[in-house]
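The values are calculated or read from the model by the stated rules, or taken from the named source; none is laboratory data. Owing to the predicted nature of the structure, the values given are computational and were not obtained by experimental measurement. Every residue, glycine as well, gets a Cβ built from its backbone with ideal geometry; the counts of neighbours run over all protein chains shown. Accessible surface is based on the protein model in full, side chains and every heavy atom, while ligands, DNA and RNA are left aside. Shrake-Rupley method; radii C 1.70, N 1.55, O 1.52, S 1.80 Å.
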Amino acid sequence: VQIRESSMCRRALPAQKWYYTLRRTDMMKNIQIKYFTDEIEKLTYIDGKSDWIDLRAAKEMELKAGQYAMIPLGVAMKLPEGYEAHIVPRSSTYKNYGLIQTNHMGVVDESYCGDNDQWHMPVFCLKGMDLKEKGTWIRKGDKIGQFRIMEVMPEIEFEEVESFGNADRGGFGTTGKR
């Protein structure tokens, strides 16, 4: 990729130090999006903060501790060919709502693009945020998840071997706690 001055963005840091971030216009992808409600904010890329995009609840929901639900996210998308979306909770989702995403990361492939293929986030309520009710309340428009798109894994071919010729590291989870 050639870097042109027009593809760079000058930004100020504290104490007026300047740095440049590369804007790779050659990587811009178009995504068609359908909204299922006009009561949530339109998706936008939050420039300079993250390369993830927030997803909002499209429905008011009350969940009791120990309850599972599929939270509708109010959008369907036609992803670019060769890409998939990864949906994960926001870092504050558990703290604010007591919810975890049951599949830990949702993967939406490019074929999930029908007119009614609304994205959802499967959640489990572990703890109540209200001590009297032992549950949580999701309001329409609450930011509960986030997504990014990634290129799909390239086609691979497995080659079976007897040995890799490397020393064993010690097993799964052996890098230590500190």
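Holding the Cα-Cα limit at 19 Å, pick out from 95/134; 64/127; 34/64; 29/59 the pairs that are longer than that.
Too far apart for the 19 Å limit: 34/64; 29/59.
Taking the Cα centre of the range 71-140 as origin and charging only Cβ (+1 Lys, Arg; -1 Asp, Glu), how large is the dipole, in debye to the nearest 20?
Rounded to the nearest 20 debye, it is 660 debye.
For the range 42-163, with equal point scatterers placed on the C-alpha atoms only and solvent neglected, what are the log10 I(q)/I(0) values from the Debye formula at q = 0.13, 0.17 1/Å, to two decimals?
Each listed q maps to, in turn, -0.58, -0.86.
When ligands, DNA and RNA are left out and all protein chains stay put, how many square angstrom of accessible area per residue does the range 57-178 have with a 1.4 Å probe?
Using a 1.4 Å probe on heavy atoms only, each residue of the range 57-178 averages 69 Å².
Report residue 109's accessible area, 1.4 Å probe, all protein chains in place, as a number in Å² to the nearest 10.
Surface accessible to solvent at residue 109 totals approximately 70 Å².
Could you check the simple spin-label distance between residue 54 and residue 134, using points 7 Å along Cα→Cβ, in nm with one decimal?
3.2
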